[in-house]
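For reference, the structure is listed below as structure tokens.
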Amino acid sequence: MIEEKNKVVFLHTPKTGGGAMEYFFHGESKKIRRNYFFNFNGLDDSLFIKDESSTNHPHANKCVIETIANNSSIIKRYNGSTHFKQSKFLMGHTTYNFGTYFPQYDFQYVTVLREPIIRVISNILQYSQEKKDGTIKFGGHIIPYKKSTKEYWDRIYQILNGKYPVKGFMIHENHFLRDCQTKIMQGATYKNVNENADMDLALINSKKIHYSFFDNFNEGLQESFNKVDIPFDMSKNVNVFNQNKKKVKLGEYYGATDNIIDWVINNNKNDIELYKILKGL
């Protein structure tokens, strides 16, 4: 068995196109070899091929860094996994701290950053699950209004501006709405909901992370992959250019009201400043 000691981790920032990329990355990886790609969300060779080198991914929590931080048995599972050992390119909702749990490997990191206000509002909409009866489930709250209406946004504001953490949210789901990109780059563990953003540490770590930007998705990610020797051809990725119909119809902030935008700004000041610095704005 070939064990890959030098690994590359794609730090999947939510709402930056990573979910759509799972299929693309898996397709590109199949051209290289079996088990080249390890996806902590489960869409990789182990999903489609069941044998002694497959890995059973834990599915209760999509945020692997939170899962590991709160359940050390997951580390043992991955350390005993043939697929994990053989993988070169790993992907998941994790942070720069990931490598500390697997000191036997050398890790490089790649990530995509997005304008913070749009990213958080998109994340809020993702967390708003439409039920068959027409209501919206947002964590442990039920909202009796259609998504993206003024009434919906007013209720979302009441929830977010109320008691923290949001009832029914996992630890990482609370963090994803508050300085998420800073916490990913600083290496947050998500052991609890009160872990603070550290922009100074994020800036230090940014010098060791190959980052690009959502508004230059294919070209930026291709440049990062070239630097870490991941032979994916991003020119073959066409899905990223599809326009979000809801965003086109409702505007840049998906129809979010001023109080929601103000809440996002006030709770993502580190992300906004970090983005400006790294983008050179």
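Only the coordinates and a few stated rules stand behind these numbers; no lab work does. Everything numeric here is computed off the predicted structure, so don't read it as measured data. Here the Cβ is made from the backbone with ideal geometry for all residues, glycine too, and neighbour counts use every protein chain on show.
Of note:
- Option label - Rg and Dmax of the Cα atoms in Å computed here, alternatives [x] 21.4, 70; [y] 18.9, 58; [z] 33.2, 93: [y]
- Overall form of region 141-281 per C-alpha gyration tensor (a/c, 1.5; a/b vs b/c): oblate
- Per-residue ³J(HN,Hα) for region 218-224, Karplus 6.51 cos²θ - 1.76 cosθ + 1.60, θ = phi - 60°, Hz, x for Gly and Pro: 4, 5, x, 5, 4, 4, 5
- Among the trypsin sites (Lys or Arg not before Pro) in region 1-83, those located in a DSSP loop and surrounded by at most 15 other Cβ atoms within 10 Å of their own Cβ are LYS5, LYS31, ARG33, ARG34, LYS50.
- Between the amide H of VAL9 and those of LEU90, GLN108, TYR109, VAL110, distances stay under 5 Å, these residues lying 5 or more places away or on another chain, with hydrogens modeled in the peptide plane.
- Between the amide H of TYR145 and those of ILE136, distances stay under 5 Å, these residues lying 5 or more places away or on another chain, with hydrogens modeled in the peptide plane.
- Cα-based helix-to-principal-axis angle, 116-127 vs the chain, degrees rounded to 10: 90 degrees
- The dipole here belongs to the chain: it is taken about the Cα centre, uses +1 on the Cβ of Lys and Arg and -1 on the Cβ of Asp and Glu, and is about 540 debye.
- With contacts taken as Cα pairs under 8 Å and at least 6 residues apart, the chain reaches a relative contact order of 23 percent.
- Radius of gyration, Dmax [region 81-123; alpha carbons; angstrom]: 14.0, 40
- Fewest-first ranking of PHE176, PHE107, using other Cβ atoms within 10 Å as the exposure measure: PHE107, PHE176
- Among residues other than ILE204 with Cβ under 15 Å from its Cβ, the summed charge is 0 (Lys and Arg +1, Asp and Glu -1).
- The antiparallel fraction among DSSP beta bridges confined to the chain stands at about 25%.
- Dimensionless Rg/Rh of region 39-105 - Kirkwood Rh, Rg from C-alpha atoms: 0.92
- Taking every C-alpha pair closer than 8 Å and separated by at least 6 residues, the mean separation divided by the residue count of region 107-175 gives a relative contact order of 19 percent.
- Listed by chain and number, the lysines whose C-alpha is less than 25 Å from the C-alpha of LYS85, apart from same-chain residues fewer than 8 away, are LYS5, LYS7, LYS30, LYS31, LYS50, LYS62, LYS76, LYS208, LYS227.
- As a length-normalised measure over Cα pairs under 8 Å and 6 or more apart, the relative contact order of region 90-143 settles at 15 percent.
- Restricting the chymotrypsin sites (Phe, Trp or Tyr not before Pro) of region 8-87 to loop positions (DSSP other than H, G, I, E, B) with no more than 15 neighbouring Cβ atoms within 10 Å leaves nothing.
- Stretching PHE107 away from ASN6 to a fully extended chain increases their span by 35.8 nm, per 0.36 nm per residue minus the current alpha-carbon distance.
- Global geometry of region 1-112, whether rounded, prolate or oblate, following the gyration tensor of its Cα atoms and the 1.5 cut on a/c: rounded
- Cut-off 12 Å between beta-carbons: net charge of the residues surrounding MET91, Lys and Arg +1, Asp and Glu -1: 0
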